[in-house]
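The values are calculated or read from the model by the stated rules, or taken from the named source; none is laboratory data. All figures in this text were calculated on a predicted structure; none of them were measured in a lab. Neighbour counts are summed over all protein chains in view; Cβ atoms, including those assigned to glycine, are modelled from backbone coordinates with ideal geometry. Accessible surface is based on the protein model in full, side chains and every heavy atom, while ligands, DNA and RNA are left aside. Shrake-Rupley method; radii C 1.70, N 1.55, O 1.52, S 1.80 Å.
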Amino acid sequence: MNYTRMLIVGAMLLVITVLHAQTADSTALKKTARELLEMSGGGKLGARVLEQLTSTLKERLPNVPNEFWTELNKEIKPDDLVAAAIPVYTKHFTVKEMKDIMAFYKTPSGAKLVQAMPDITQDMMRVGQEWGKDVGQRVMQRLQDKGYIKPAEKK
């Protein structure tokens, strides 16, 4: 009977130790991911996207008063993007890998990449949209040519 109790207590201590280690590892992983995102300009990218989105919506909705946009910008925080991205980074990188990436960002080339990334992202979004539109048109044309779909009627 005492042997069984000792095994149960030992197993419980092992589970508690493993859970504590996992929590500590998880905390370190999340902290490192946040550092990497901040170093790589994740918050700045969020602010830029929000600024562009607001600007586009203001143009499309001229009847909406500026107070609405001001209140909206107070409510939406670019850091929310960083917080949302942490699980993505922790899924794909270890603490060591993220520290290696941060070491690169501290080099002149890495710093240049961080500085240029918002513009690169914006340009790549445009390129991706244009590419997607072209591919979509080619696929639709091929489907029509093969007789799988009927040509769209012209208005």
Roughly how much of Lys58 is accessible, in Å² to the nearest 10, using a 1.4 Å probe? 90 Å²
In nanometres, the difference between 0.36 nm per residue of separation and the alpha-carbon distance of Thr70 and Glu35 is 9.7 nm
Taking 7 Å along the Cα-to-C-beta vector as the label spot, tell me the Trp131-Thr56 distance in nanometres, rounded to one decimal. 1.8 nm
What is the spread of the Cα atoms of segment 59-155 along each of their three principal axes, largest first, in whole Å? 55, 42, 26
Globularity index of segment 23-69, i.e. its alpha-carbon radius of gyration over 2.2 N^0.38 Å: 1.80
So, in nm, how far is label Ala152 from label Thr27 when the simple model puts each one 7 Å beyond its Cα toward the Cβ? 5.6 nm
How much FRET efficiency would the formula 1/(1 + (r/R0)^6) give for Arg138 and Leu113, where r is the Cβ-Cβ distance and R0 is 30 Å, rounded to 0.05? 0.35
If you average over every viewing direction, what projected area does the convex hull of the Cα atoms of segment 109-155 give, in nm²? 5.0 nm²
